[in-house]
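Nothing in this text is a laboratory measurement; each read-out follows from the coordinates by a stated rule. This structure is a prediction, so every number in the text was calculated from the model and none was measured.
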Amino acid sequence: MIEYKGYIGVVDFDPEIDLFHGTVINTQDVIMFYGASVTELREEMQKSLEVYFEVCEEQGKMPDKPQGKRT
């Protein structure tokens, strides 16, 4: 699991593209990210969430708050 600003991402390996695929699991909105290493996954999750926050702001919508930790 990876965490950023209370949002939790879980990661799986996708052999078809030879990359790790992550999904934020504690929000209703779909937020995904990809990376080839742990460092890249962390960076990409942060970037994906920051883009999500920007898009919400542009649309005049509040970002979905992270829900309790899911396992």
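Side notes on the structure shown:
- Amide H contacts for GLU3 (H built 1.01 Å from N in the peptide plane; partners 5 or more residues away or on another chain; cut-off under 5 Å): GLY9.
- Highest-MSF residue in the chain out of LEU41, LEU19, LEU49 [GNM, Cα springs under 10 Å]: LEU19
- Backbone amide hydrogens, once placed in the peptide plane, bring LEU19 within less than 5 Å of ASP14, excluding anything fewer than 5 places away on its chain.
- In the list (1) 1.10; (2) 1.06; (3) 2.05, the label attached to Cα Rg over 2.2 N^0.38 Å as derived from the coordinates here is (1).
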